[in-house]
Amino acid sequence: MKRLIGLFVGLFIALLITFFAGENPFHIFSILIKSAFGSMYDLGLTLSYTTPLIFCGLSVAVSFHAGLFNVGAEGQLTMAAITAAAVGILFPQVPFPFAPILAFTAALFVGGFWGFIPGWLRAVRGSHEVIITIMLNFIAAGTANWLALKVIPNLNSQNPETAMVSNNYLFKDYDLIARIFPDTPANASFGVAIFIAVLMWIIIWKTTFGFELRAMGANSEAAQRAGISKNKILVLSMIISGMLAGGVALSEVLGSAGQYRVGFSPDYGFIGIAVALLANNNPIGVIFAAFLMGALHKGAADLDMETTTITRDFSRIIQAFIILGVAGQAYWEHLRTSRIRKN
Amino acid sequence: MNGNPIIEFQGVSISFGDISANSEVSFSVSAGTIHGIIGENGAGKSTAMNILFGLYLADQGKVLIKGKPVRFQSSIDAMNEKIGMVHQHFMLAETLTALDNILLYQKGSAFSILRRDEQKKHLEAIAKRFGFEIDFDAKISELSVGAQQRLEILKILSQDSEILILDEPTAVLTPQEVQDLFCNLQKLKSEGKTILIITHKLKEVMSLTDSVTVFRAGKVITTKVTSESNLAELAELMVGHRLVTPQERSTAADSSQTVLRVSNLNAQMNSSKIHDINFHVHGKEIVGIAGVEGNGQDILVRSLIDKQGLNKKNFSGEVSVSGTMVSFPEDRLRFGCLPSRPVWENFFLGQQGLAKFNWGPFIRKTEILKSTKRAIENYDIRPTNEFLPFEKLSGGNQQKLVVARALSQNPHFILAAQPTRGVDIGAIHFIHNELRAARDHGAGVLLISSELDELMTLSDRILVLYKGRFIAEFHRENFSEITIGAAMGGVEVITKNAEFL
């Protein structure tokens, strides 16, 4: 809750800048609100942005708890999404209830593998996970583009995208959330994301494994002295982190589009870092932080259309100010506590 | 307390947040004396000195220097009033020479030109006069700890300071170096300098100071003329109650049982090495390892508790522990705890594998809380709040928790590395008695400490580690500060070797 102060400070400064750009900040704010929650259609779009942000926020939050910084959620979700599409295209005969489960499992496996690589390199070679995950983001983007355009392309379209997965893989007909928000990409994976967030909360705060993971994050040397295997936690936490990011395949490929579209993600993996920070790495908080960032993303997209001076990039500026506000507040608290601690 | 006071504190108070670090502190120091400032950790003695040196600004009260009220905004103001301070952790640029380190400290414009040869001559004269001779052309990293400290003091003397504040100056010195330092300080006193020395070692207070001010819980309890007081009285004033004197041991070492056996151990980590280490610890026995810090203690600890973490190339020999083992880490904040996490999680750390605290993959928080509460009660850890972040506890209470966690597992072998570092007298007593109790229940203890007093009160045998080798062994009946201290300094290696098993 404390982080909301930083959030509002950031938002205030961002709106102040719209004022200097020659717009009425109250008008801008009302557009933001209206376009994020104004109608069922708008809300559906907001939720469709929220779902992948929950997955990515959880991914980053888990790595933060283990003292790691997973900057690679973007690459992990890309690999997972292309995997889900590829399975759906290459094995069209699999019958319905098994088909999406198979594709989702494969996506989680590949996402987890994409997280395993930096975790394992950190454990055996000491390579810093930030560098490795950033490089893997590029490898993932290149690999996914190649697969989408050369191996399983959509021959009926000019767009850079894969062919459609077999209908057995889609669960639209059973999807209550998609029915509430017709004509939007919102789908049942929103519920799955919330379920997984609760599950992660239980794992992190209620299990021995979660304790070991947090101990490693709080003080890795002490954790090792206490008999916790550093390498095990490094590798496992990065695998879990990668799998969580891989959950995006469910909402974006199996839940709505039915195919992999190059550039479908507006950097969900990176916005996930902001979500995790905003939520103070609390899995339940991630749900709300993701909703907020999703709403902001949706609102900012409409600002582009409704005003002349504010472009789509302005959404990035608002997000940047919110992260600055939140991080600034966290830093301020840190300074205050460390000043007391000194004495 | 006659003579003209050079420093006077009048009702000085300062608080940080809700914590009052100094309240109504009043005392005075006569010119040309050595004045001890003693107190437990967190008693406010360092805070008071930091106010004097301009690092903190008092909320209330006055500080008078030579009868004139001063209000220092920064340490530069303090230096202008000829006050200098040697911090516990040296403030030296490692890669520069000793001379450059002093020149760095020189007053004046940043652009003024200092003639090195002139300055060197000038400094050498000062060094000679006060007996602080060092090699001015040596790099800091080549100087011994004692020489580094002499350099720190020279830095102050080069400013013509009249008041010297020394914060725990003997913590890192060998007994011989302490003797040299005290001689030099006496010389400074005879030159008319005033010296304030912050310490918790009462023996040093008795042998060095003229008068002493006792701090407890942020307040000045009293100021005494040292020669009119004694050790026991000062200890009582510091702690606020009478300390129970340790009972001599009632049981003998159980030589039928060997809980730790180390043979032909050679290991290396970064710059610290140990060679040909052979020793054992019996049940009901406390074996002490003496040595100035940096003679291989850290790698020895690592070899005992985490040899898998060491590079195989750098490790050879045999370490065998029979039964269960626990360790108190030498640096509790770094190795022993999760500072930002609550007390109960820190109590759980290291016991997370125990069946009684687990239910399948889940932790049994109620059980853990119950055990934590019991430990808090038994070990008198304050404040009694198991949800408080560990770092909010004072050093003594932190260490008590670490000890409680280790000893509540009823181990066969206890590795106690610096078990009372940074801990106040009351807690030291408590921890010592707990270690004695664990020993009497049959545990073997390996005690690694830089405090010779601690080793001599607890140990049955003392091994001296010097440059990675055991160069001497002493049995309880032969304990003497002089011979052990000499061995810690590396002298008499040959004669002691002959005595060594």
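Just so it is clear, none of the values below were taken in a lab; they were calculated from the coordinates. What you see is a predicted model, and the numbers here were worked out from it, not measured in a lab. No Cβ is skipped: glycine too gets one built from the backbone with ideal geometry, and neighbour counts run over all protein chains shown.
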What's the Cα-based Rg to Rh of region A:50-308, Rh via Kirkwood? 0.99
Using only the alpha carbons of region A:1-71, determine the length spanned along each of the three principal axes and report them from longest to shortest in whole angstroms. 44, 29, 23
FRET efficiency, 1/(1 + (r/R0)^6) with R0 45 Å, evaluated for residue B:388 and residue A:176 via beta carbons: 0.50
Past the 18 angstrom mark, what percentage of all C-alpha to C-alpha distances in region B:34-87 do you count? 32 percent
Cα coordinate range in region A:180-238, projected on the principal axes (Å, largest first): 55, 20, 15
Shielding by partners - mean other protein chain Cβ count within 10 Å, residues of B:339-352: 4
Quick one: 3J(HN,Hα) in Hz for region B:332-341, Karplus 6.51/-1.76/1.60 with θ = phi - 60°, rounded, Gly and Pro as x. 5, 6, 8, 10, x, 7, 10, x, 7, 8
Average projected area [Cα convex hull, region A:278-325], square nanometres: 3.3 nm²
Calculate, in nm to one decimal, what residue A:30 and residue A:134 gain on full extension: separation in residues at 0.36 nm each, minus their alpha carbon distance. 33.8 nm
Rg and Dmax of region B:254-499 over Cα atoms: what are they, in angstrom? 18.4, 59
With -39,500 (n - 2.57) per DSSP H segment of 4 or more residues and division by the full residue count of chain A, the 222 nm estimate, nearest 500 deg cm²/dmol, is -24000 deg cm²/dmol
Pairs from B:120/B:203; B:66/B:121; B:62/B:201; A:206/A:230 whose Cα-Cα separation, in the structure shown, is over 27 Å: B:120/B:203; B:66/B:121; B:62/B:201
Grab the Cα-Cα distance for residue B:24 and residue B:319, subtract it from 0.36 nm times how many residues apart they are, and report the gain in nm with one decimal. 100.7 nm
Sum of -39500 (n - 2.57) over DSSP H runs of 4+, divided by residues of chain B (222 nm, nearest 500): -9500 deg cm²/dmol
For region B:267-411, what is the Kirkwood estimate of the hydrodynamic radius, computed as the reciprocal of the mean inverse distance between distinct Cα atoms, to one decimal in Å? 17.2 Å
Under 8 Å for C-alpha pairs, at least 6 residues apart: give me the relative contact order for region B:254-499, rounded to a whole percent. 27 percent
Out of residues 5 or more away from residue B:105 or on other chains, whose amide H comes under 5 Å of its own, with H placed 1.01 Å from N in the peptide plane? none
Putting +1 on Lys and Arg Cβ atoms and -1 on Asp and Glu Cβ atoms, find which of B:64, B:435, B:119 reaches farthest to the positive end of the dipole of chain B. B:435
Please turn the phi angles of region A:237-244 into ³J(HN,Hα) values with the Karplus equation 6.51 cos²θ - 1.76 cosθ + 1.60 (θ = phi - 60°), one per residue in order, whole Hz, x for glycine and proline. 5, 6, 4, 4, 4, x, 5, 4
What's the whole-number percent of alpha carbon pairs in the protein assembly as shown lying beyond 37 angstrom? 57 percent
Share (percent) of C-alpha pair distances in chain B greater than 38 Å works out to 33 percent
Table column - 3J(HN,Hα) (Hz), region A:132-137, Karplus curve with 6.51, -1.76, 1.60, x for Gly and Pro: 5, 5, 5, 5, 5, 4
Restricting things to alpha carbons, tell me how big region B:186-300 is in terms of Rg and Dmax, in Å. 21.6, 61
First obtain the Kirkwood hydrodynamic radius of region B:5-239 from its Cα pairs, then insert it into the Stokes-Einstein equation at 25 °C and 0.890 mPa s, and state the resulting D in µm² per second as a whole number. 134 µm²/s
With a 10 Å cut-off between alpha carbons and a GNM built on chain A, which of A:15, A:234, A:45 moves the most? A:15
Let's see if you can work this out: charge +1 on each Lys and Arg Cβ, -1 on each Asp and Glu Cβ, no other charges. What is the dipole magnitude of region B:254-499 about its Cα centre, in debye to the nearest 20? 980 debye
Taking r as the C-beta separation of residue B:100 and residue B:55 and R0 as 22 Å, the FRET efficiency to the nearest 0.05 is 0.35
Between residue B:278 and residue A:320, how high is the FRET efficiency from 1/(1 + (r/R0)^6) when r is the Cβ-Cβ distance and R₀ = 60 Å? Nearest 0.05. 0.45
